[in-house]
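**Q** Have a look at this one before I ask anything.
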Amino acid sequence: MSITTTDLHGILPLIARGKVRDIYEVDSETLLFVATDRISAYDVIMENGIPEKGKLLTKLSEFWFDFLSPYTKTHIIKTDDIFKNLPSELSKPEFKSQLQDRALLVHKYKLVPLEVIVRGYITGSAWKEYKKSGTVHGVKVEEGLQESQEFPTPIFTPSTKAEQGEHDENISIEQAEQIVGKELCTKIGKLAIELYSKAKEYAKTRGIIIADTKFEFGLTEDNELVLVDEVLTPDSSRFWNAKTYELGKGQDSYDKQFLRDWLTSNGLNGKEGVSMTEDIATRSRAKYIEAYEALTAKKWE
């Protein structure tokens, strides 16, 4: 069974419903992030979900927030029992079943209005642009790169943070500086590359290549950068299996590849009201579990 939407009966106010997460306000300084089993492809949310996907994303994010905590402040509020920090009514079975293992308590910070993308390998939209113009996000990069090749050093390629249902738009560093200011943009780029590099090197020891990832940051009242949202999951990153990696071609990803391929082959990409077949949902779930187990060295129970 999958949980594609949550309903806390107004016990906590719902302040946002994203492609995956339902976000509730606990108090003026605290939010409750609930990862549902929703899945989207081509910017359309499927009618049905991937069983336990939200739990997998939550547990993987917790792993990475802990891993990266020596290098950055994070928005996570650590607690042995999340329900001790919530209204007592939410411990009732009807609510607990919606929240258990898929909810995170987080500090509420002012969001930086950028999608902070770090690319370690040339693939996807970056490869398409490079083939056409020799640039990535409008910046000239070295000649002679092959598809899926690792960049000599990771690059920060920002995009706009689009409203629900809209598309993020790739922008230049200069455009990002106009949005958030030069000093903050430089700090974000430097920190994002450091975090990505730490994660990339660790993941390689677990047989996973992190080709690229998307971070989001917030700011404290003292303007200290904080890592927020989810982090380094198959939904926010491009994971490749190191064993099957082959330079000069596209790679199979640990994300929505099965779903995207199925939608495309059936002429359903970008169409609303689509339900996945049970086979696609099952195979997609297996890939999420495979990524989780490889990266955390823990068995998914």
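The values are calculated or read from the model by the stated rules, or taken from the named source; none is laboratory data. As the structure is a computational prediction, the values presented were derived from the model and not from experiment. A quick note on method: Cβ atoms are made from the backbone with ideal geometry, for glycine too, and the neighbour counts reach across all protein chains shown. For accessibility, only protein heavy atoms count, side chains too; no ligands or nucleic acids. Shrake-Rupley method; radii C 1.70, N 1.55, O 1.52, S 1.80 Å.
Okay, residues lined up against (1) closer than 25 Å to Phe215 by Cβ; (2) of a type outside the set (A, V, I, L, M, F, W, C); (3) touching a strand residue (DSSP E or B) at 6+ places or on another chain (Cβ under 7 Å); (4) modelled with pLDDT under 95:
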residue: Thr72; (1), (2), (3), (4): yes, yes, yes, no
residue: Pro93; (1), (2), (3), (4): no, yes, no, no
residue: Glu115; (1), (2), (3), (4): yes, yes, yes, yes
residue: Glu163; (1), (2), (3), (4): yes, yes, no, yes
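**Q** Let me ask another. Quick one: in region 215-241, which of the residues that are assigned to a strand (DSSP E or B) and among the charged types (D, E, K, R) is nearest to Asp168 (Cα to Cα)?
**A** The qualifying residue nearest to Asp168 (Cα to Cα) is Glu216.
**Q** Please go through (1) open to solvent by 30 Å² or more (accessible area, probe 1.4 Å); (2) farther than 22 Å from Val118 by Cβ; (3) in a helix (DSSP H, G or I) for Ser197 and return the number of the only condition it doesn't satisfy.
**A** (2) is the only condition that Ser197 fails.
**Q** Would you pick out the residues in region 252-265 that are part of a loop (DSSP other than H, G, I, E, B) and either of a type in the set (A, V, I, L, M, F, W, C) or within 19 Å of Met1 (Cβ to Cβ) (or both)?
**A** Residues satisfying the conditions do not exist here.
**Q** Something else: Within region 1-34, take every residue that is hydrophobic (A, V, I, L, M, F, W, C) and surrounded by fewer than 16 Cβ atoms within 10 Å (Cβ to Cβ) and give me the one that is nearest to Met276 (Cα to Cα).
**A** Met1
**Q** To continue, here is another question. Note down all Cβ pairs under 6 Å where the first residue falls in region 267-292 and is polar (S, T, N, Q), the second is open to solvent by 70 Å² or more (accessible area, probe 1.4 Å), and they're at least six residues apart or on different chains.
**A** Matching pairs, first to second residue: Asn269/Tyr42; Ser275/Glu47.
**Q** Tally time: how many residues in region 26-40 are among the charged types (D, E, K, R), farther than 25 Å from Lys271 by Cβ and touching a residue at least 24 places away in the same chain (Cβ under 8 Å)?
**A** The number of residues fulfilling the criteria is 1.
**Q** Among (1) open to solvent by 40 Å² or more (accessible area, probe 1.4 Å); (2) of a type outside the set (Phe, Trp, Tyr); (3) in contact (Cβ under 8 Å) with a residue 24 or more places away in the chain, which single condition is Glu94 missing?
**A** (3)
**Q** While we're here: Modelled with pLDDT under 95 and open to solvent by 20 Å² or more (accessible area, probe 1.4 Å): does that describe Gly207?
**A** no
**Q** Taking into account only those residues within region 41-89 that are in a strand (DSSP E or B) and in contact (Cβ under 8 Å) with a residue 60 or more places away in the chain, which is most open to solvent (accessible area, probe 1.4 Å)?
**A** Only one residue fits best here, namely Lys73.
**Q** Determine, yes or no, whether Ser125 is within 21 Å of Asp255 (Cα to Cα) and open to solvent by less than 30 Å² (accessible area, probe 1.4 Å).
**A** So Ser125 does not fit the description; no.
**Q** Within region 266-292, can you find the residues that are of a type outside the set (Val, Ile, Thr), over 17 Å from the mean Cα position of the chain (by Cα) and not in a loop (DSSP other than H, G, I, E, B)?
**A** Glu278, Asp279, Ala281, Arg283, Ala286
**Q** Further question on the same structure: Can you confirm whether Tyr24 is of a type in the set (Phe, Trp, Tyr) and part of a loop (DSSP other than H, G, I, E, B)?
**A** No.
**Q** Here's a follow-up. From (1) closer than 24 Å to Phe217 by Cβ; (2) without any contact (Cβ under 8 Å) to a residue 60 or more places away in the chain; (3) open to solvent by less than 30 Å² (accessible area, probe 1.4 Å), pick out the condition that doesn't hold for Val118.
**A** Evaluating Val118 over (1) closer than 24 Å to Phe217 by Cβ; (2) without any contact (Cβ under 8 Å) to a residue 60 or more places away in the chain; (3) open to solvent by less than 30 Å² (accessible area, probe 1.4 Å) leaves (2) as the failure.
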